[in-house]
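S.K.: Following this message is one structure expressed as C-alpha coordinates.
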Amino acid sequence: KAGVTQTPRYLIKTRGQQVTLSCSPISGHRSVSWYQQTPGQGLQFLFEYFSETQRNKGNFPGRFSGRQFSNSRSEMNVSTLELGDSALYLCASMAGNYGYTFGSGTRLTVV
Amino acid sequence: DQQVKQNSPSLSVQEGRISILNCDYTNSMFDYFLWYKKYPAEGPTFLISISSIKDKNEDGRFTVFLNKSAKHLSLHIVPSQPGDSAVYFCAASGKNYGQNFVFGPGTRLSVLP
(Lines give C-alpha, C1' and ligand atoms only; values in the text may rest on other atoms or scores of the structure.)
Protein backbone atom coordinates (compact mmCIF):
# COMPACT_ATOMS: atom_id res chain seq x y z
CA LYS A 1 0.00 0.00 0.00
CA ALA A 2 1.12 3.59 -0.61
CA GLY A 3 3.04 5.30 2.17
CA VAL A 4 2.58 8.74 3.64
CA THR A 5 2.82 11.35 0.90
CA GLN A 6 3.91 14.90 1.55
CA THR A 7 3.85 17.73 -0.95
CA PRO A 8 5.77 19.71 -1.93
CA ARG A 9 9.17 18.19 -1.15
CA TYR A 10 10.97 21.52 -1.18
CA LEU A 11 9.76 25.06 -0.72
CA ILE A 12 11.41 28.47 -0.56
CA LYS A 13 9.44 31.34 0.89
CA THR A 14 10.15 34.92 1.93
CA ARG A 15 9.80 36.24 5.46
CA GLY A 16 6.26 37.40 6.14
CA GLN A 17 4.66 35.08 3.61
CA GLN A 18 2.43 32.17 4.50
CA VAL A 19 2.76 28.55 3.43
CA THR A 20 0.54 25.48 3.25
CA LEU A 21 1.94 21.96 3.36
CA SER A 22 -0.03 18.87 2.47
CA CYS A 23 0.00 15.31 3.79
CA SER A 24 -1.87 12.24 2.60
CA PRO A 25 -1.74 9.45 5.20
CA ILE A 26 -1.69 5.74 4.56
CA SER A 27 -5.12 4.56 3.50
CA GLY A 28 -7.14 3.67 6.57
CA HIS A 29 -5.00 5.66 8.99
CA ARG A 30 -7.11 8.27 10.73
CA SER A 31 -4.46 9.87 12.92
CA VAL A 32 -2.11 12.39 11.34
CA SER A 33 0.63 14.16 13.27
CA TRP A 34 2.98 16.93 12.24
CA TYR A 35 6.54 17.43 13.46
CA GLN A 36 9.20 20.04 12.88
CA GLN A 37 12.78 18.86 12.61
CA THR A 38 15.67 21.27 13.04
CA PRO A 39 19.36 20.44 13.53
CA GLY A 40 20.11 19.64 17.16
CA GLN A 41 16.46 19.83 18.24
CA GLY A 42 15.23 16.52 17.01
CA LEU A 43 11.57 16.27 16.15
CA GLN A 44 9.30 18.79 17.82
CA PHE A 45 5.62 17.89 17.97
CA LEU A 46 3.29 20.41 16.31
CA PHE A 47 -0.17 18.82 16.45
CA GLU A 48 -2.16 15.68 15.86
CA TYR A 49 -5.46 15.31 14.05
CA PHE A 50 -7.89 12.45 14.34
CA SER A 51 -11.20 12.29 12.49
CA GLU A 52 -10.95 15.95 11.45
CA THR A 53 -10.41 17.12 15.04
CA GLN A 54 -7.22 18.41 16.60
CA ARG A 55 -6.56 15.94 19.39
CA ASN A 56 -3.17 17.11 20.66
CA LYS A 57 -1.12 20.25 20.27
CA GLY A 58 2.53 21.03 20.92
CA ASN A 59 4.12 24.27 22.11
CA PHE A 60 4.20 26.24 18.90
CA PRO A 61 2.82 29.75 18.36
CA GLY A 62 -0.57 30.32 16.83
CA ARG A 63 1.06 31.06 13.46
CA PHE A 64 1.18 27.29 13.07
CA SER A 65 -2.18 25.74 12.32
CA GLY A 66 -3.56 22.67 10.67
CA ARG A 67 -6.65 20.87 9.62
CA GLN A 68 -7.78 17.45 8.53
CA PHE A 69 -10.31 16.60 5.88
CA SER A 70 -12.90 13.84 5.83
CA ASN A 71 -10.59 11.66 3.73
CA SER A 72 -7.92 12.01 6.49
CA ARG A 73 -5.69 14.18 4.32
CA SER A 74 -4.16 16.96 6.37
CA GLU A 75 -2.75 20.40 5.71
CA MET A 76 -0.46 22.49 7.83
CA ASN A 77 -0.31 26.26 7.50
CA VAL A 78 2.30 28.68 8.76
CA SER A 79 1.51 32.37 8.54
CA THR A 80 3.88 35.34 8.76
CA LEU A 81 6.93 33.19 8.15
CA GLU A 82 10.10 33.84 10.12
CA LEU A 83 13.65 32.80 9.29
CA GLY A 84 13.57 30.39 12.25
CA ASP A 85 10.71 28.48 10.63
CA SER A 86 13.19 27.00 8.16
CA ALA A 87 13.08 23.28 8.88
CA LEU A 88 12.03 19.88 7.68
CA TYR A 89 8.33 19.38 8.34
CA LEU A 90 7.35 15.77 8.78
CA CYS A 91 3.91 14.27 8.66
CA ALA A 92 3.17 10.89 10.19
CA SER A 93 0.12 8.70 10.19
CA MET A 94 -0.76 6.04 12.66
CA ALA A 95 -3.19 3.17 12.95
CA GLY A 96 -3.38 1.84 16.45
CA ASN A 97 -0.93 2.67 19.20
CA TYR A 98 1.95 1.06 17.37
CA GLY A 99 4.00 3.91 16.07
CA TYR A 100 4.20 6.31 13.24
CA THR A 101 4.80 5.91 9.56
CA PHE A 102 6.48 9.07 8.42
CA GLY A 103 6.44 10.79 5.07
CA SER A 104 9.65 12.04 3.49
CA GLY A 105 8.97 15.56 4.68
CA THR A 106 8.78 19.03 3.20
CA ARG A 107 11.99 21.05 3.39
CA LEU A 108 10.96 24.68 3.98
CA THR A 109 13.52 27.43 3.57
CA VAL A 110 12.58 30.96 4.60
CA VAL A 111 14.76 33.71 3.15
CA ASP B 1 13.19 21.00 29.32
CA GLN B 2 13.85 17.88 27.26
CA GLN B 3 11.83 14.90 28.45
CA VAL B 4 13.75 12.53 26.18
CA LYS B 5 17.49 12.90 26.01
CA GLN B 6 20.11 11.40 23.77
CA ASN B 7 23.33 12.76 25.19
CA SER B 8 25.60 11.54 22.42
CA PRO B 9 25.10 13.61 19.26
CA SER B 10 27.30 11.23 17.32
CA LEU B 11 28.89 7.79 17.51
CA SER B 12 31.44 6.03 15.30
CA VAL B 13 31.79 2.26 15.27
CA GLN B 14 33.82 -0.18 13.22
CA GLU B 15 31.91 -2.50 10.91
CA GLY B 16 31.15 -5.82 12.60
CA ARG B 17 31.33 -4.39 16.11
CA ILE B 18 28.47 -3.54 18.44
CA SER B 19 26.77 -0.13 18.34
CA ILE B 20 25.11 1.03 21.55
CA LEU B 21 22.85 4.05 21.41
CA ASN B 22 21.53 5.44 24.67
CA CYS B 23 18.39 7.32 25.62
CA ASP B 24 17.22 8.74 28.95
CA TYR B 25 13.78 10.04 29.84
CA THR B 26 12.41 12.06 32.73
CA ASN B 27 8.65 11.48 32.59
CA SER B 28 7.68 8.42 34.64
CA MET B 29 4.33 8.30 32.80
CA PHE B 30 6.04 7.15 29.60
CA ASP B 31 5.32 3.50 29.06
CA TYR B 32 6.01 2.88 25.38
CA PHE B 33 9.28 3.52 23.62
CA LEU B 34 10.38 3.37 20.03
CA TRP B 35 13.51 3.78 18.00
CA TYR B 36 13.47 5.36 14.57
CA LYS B 37 16.22 5.50 11.97
CA LYS B 38 16.54 8.41 9.57
CA TYR B 39 18.56 8.71 6.40
CA PRO B 40 19.15 12.13 4.79
CA ALA B 41 16.27 13.38 2.65
CA GLU B 42 13.96 10.66 3.98
CA GLY B 43 11.43 10.53 6.79
CA PRO B 44 12.23 8.50 9.92
CA THR B 45 11.44 4.81 9.68
CA PHE B 46 10.31 2.69 12.58
CA LEU B 47 12.96 0.30 13.85
CA ILE B 48 11.91 -1.37 17.07
CA SER B 49 9.71 -0.71 20.10
CA ILE B 50 9.36 -1.80 23.69
CA SER B 51 6.60 -1.40 26.23
CA SER B 52 7.19 -0.87 29.91
CA ILE B 53 6.06 -4.38 30.79
CA LYS B 54 9.21 -5.72 29.17
CA ASP B 55 12.88 -5.05 29.74
CA LYS B 56 14.15 -6.40 26.44
CA ASN B 57 12.91 -6.72 22.87
CA GLU B 58 14.90 -8.25 20.06
CA ASP B 59 14.47 -8.10 16.29
CA GLY B 60 17.29 -9.55 14.25
CA ARG B 61 20.43 -7.49 14.75
CA PHE B 62 18.54 -4.92 16.84
CA THR B 63 17.85 -5.24 20.57
CA VAL B 64 16.31 -2.61 22.81
CA PHE B 65 16.82 -2.74 26.57
CA LEU B 66 14.66 -0.83 29.04
CA ASN B 67 15.68 -0.03 32.62
CA LYS B 68 12.58 1.57 34.14
CA SER B 69 14.12 2.34 37.50
CA ALA B 70 16.91 4.29 35.79
CA LYS B 71 14.57 5.71 33.15
CA HIS B 72 17.03 4.56 30.57
CA LEU B 73 16.85 2.61 27.36
CA SER B 74 19.45 1.54 24.89
CA LEU B 75 19.55 0.19 21.35
CA HIS B 76 22.15 -2.42 20.51
CA ILE B 77 23.05 -3.19 16.91
CA VAL B 78 25.10 -6.34 16.43
CA PRO B 79 26.93 -6.67 14.12
CA SER B 80 27.01 -3.11 12.84
CA GLN B 81 26.95 -2.62 9.07
CA PRO B 82 27.81 0.44 6.95
CA GLY B 83 24.14 0.64 5.92
CA ASP B 84 23.27 1.29 9.55
CA SER B 85 24.87 4.72 9.28
CA ALA B 86 22.00 7.11 9.96
CA VAL B 87 20.50 9.31 12.65
CA TYR B 88 18.70 7.33 15.35
CA PHE B 89 15.86 8.89 17.31
CA CYS B 90 14.49 7.59 20.57
CA ALA B 91 10.80 8.35 21.18
CA ALA B 92 8.49 7.88 24.15
CA SER B 93 4.75 7.90 24.67
CA GLY B 94 2.23 7.70 27.51
CA LYS B 95 -0.71 5.37 28.09
CA ASN B 96 -3.34 7.26 26.17
CA TYR B 97 -4.00 6.05 22.67
CA GLY B 98 -2.93 8.61 20.16
CA GLN B 99 -0.86 10.63 22.63
CA ASN B 100 1.94 12.29 20.79
CA PHE B 101 5.39 10.80 20.88
CA VAL B 102 8.18 12.84 22.42
CA PHE B 103 11.41 12.49 20.46
CA GLY B 104 14.98 12.85 21.55
CA PRO B 105 17.40 15.03 19.55
CA GLY B 106 18.93 12.02 17.79
CA THR B 107 22.32 10.35 17.60
CA ARG B 108 24.23 10.19 14.33
CA LEU B 109 25.76 6.73 13.94
CA SER B 110 28.63 6.22 11.53
CA VAL B 111 29.69 2.64 10.83
CA LEU B 112 33.15 2.61 9.36
CA PRO B 113 34.11 -0.13 6.88
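S.K.: Can you work out the Karplus-derived ³J(HN,Hα) for every residue in region B:21-38? Use 6.51 cos²θ - 1.76 cosθ + 1.60 with θ = phi - 60°, whole Hz, and x for glycine or proline.
M.R.: With the stated coefficients, region B:21-38 comes to 10, 10, 8, 10, 10, 10, 8, 6, 7, 5, 9, 8, 10, 9, 10, 10, 10, 9 Hz.
S.K.: List the accessible area buried at the contact between B and A, summed over both sides and calculated with a 1.4 Å probe, in Å² to the nearest 100. Working shown, then result.
M.R.: On the way: alone 6290 and 6000 Å², together 10500 Å².
The buried area between B and A, both sides summed, comes to about 1800 Å².
S.K.: If you don't mind, there's one more thing I want to ask. Once you put a point 7 Å from the Cα of A:Thr80 and another 7 Å from the Cα of B:Asp59, both along the Cβ direction, what distance in nm separates them?
M.R.: 4.3
S.K.: For A:Gly42, enumerate residues with amide H under 5 Å from its amide H, sequence gap 5+ or separate chain, H modeled in the peptide plane.
M.R.: none
S.K.: How high is the relative contact order of chain A? Use alpha-carbon pairs under 8 Å, at least six apart in sequence, and give a whole percent.
M.R.: Numbers: 284 pairs, mean separation 40.5, N = 111.
Dividing the mean separation by the residue count of chain A yields 36 percent.
S.K.: Ok, one more. Would any residue of region A:74-111 have its amide N under 20 Å from a label point 7 Å out along Cα→Cβ of A:Gln17? List them or say none.
M.R.: A:75-90, A:105-111
S.K.: If you don't mind, there's one more thing I want to ask. Ignoring ligands, DNA and RNA, what percent of the 1.4 Å accessible area of chain B is carbon and sulfur? Working shown, then result.
M.R.: Numbers: 2630 of 5360 Å².
Carbon plus sulfur share of accessible area: 49 percent.
S.K.: Still on this structure, I have one more. What accessible area per residue comes out for chain A, rounded to a whole number of Å², with a 1.4 Å probe? Please list the in-between numbers first.
M.R.: Values: 5130 Å² over 111 residues.
With the other protein chains kept in place, chain A gives 46 Å² per residue.
S.K.: Here is a further query. Report the paramagnetic label zone for A:Thr38: residues of region B:1-33 whose backbone N is under 15 Å from a point 7 Å from Cα along the Cα-to-Cβ axis.
M.R.: Residues B:1-2 fall inside that zone.
S.K.: Mean separation of Cα pairs under 8 Å and 6+ residues apart, divided by the residue count of chain B: what relative contact order is that in percent? Each step should come with its number before you reach the end.
M.R.: Numbers: 274 pairs, mean separation 42.0, N = 113.
Dividing the mean separation by the residue count of chain B yields 37 percent.
S.K.: What does the accessible area per residue of chain B come to in Å², with a 1.4 Å probe and no ligands, DNA or RNA counted? Show your work: numbers first, answer last.
M.R.: Working: 5360 Å² over 113 residues.
Per residue, chain B has 47 Å² of solvent-accessible surface.
S.K.: From other protein chains only, count the Cβ atoms within 10 Å of every residue's Cβ in A:71-77, then give the mean.
M.R.: Values: counts 0, 0, 0, 0, 0, 0, 0.
Per residue, the number of nearby Cβ atoms from other chains is 0 on average.
S.K.: Starting with the highest mean, order B:47-53, A:86-92 by the number of other Cβ atoms within 10 Å, averaged over the residues of each peptide. Please list the in-between numbers first.
M.R.: On the way: B:47-53: 16.0, A:86-92: 22.7.
Order by mean packing, descending: A:86-92, B:47-53.
S.K.: Where the centroid of each part is defined by its Cα atoms, how far is region A:1-71 from region B:1-68 in Å?
M.R.: So the separation of the two Cα centres works out to 24 Å.
The values are calculated or read from the model by the stated rules, or taken from the named source; none is laboratory data. Keep in mind the model is a prediction, meaning the values are calculated, not measured. Here Cβ is always computed from backbone atoms with ideal geometry, including for glycine, and neighbour counts include all displayed protein chains. SASA here: full protein model, heavy atoms, side chains in, ligands and nucleic acids out. Shrake-Rupley method; radii C 1.70, N 1.55, O 1.52, S 1.80 Å.
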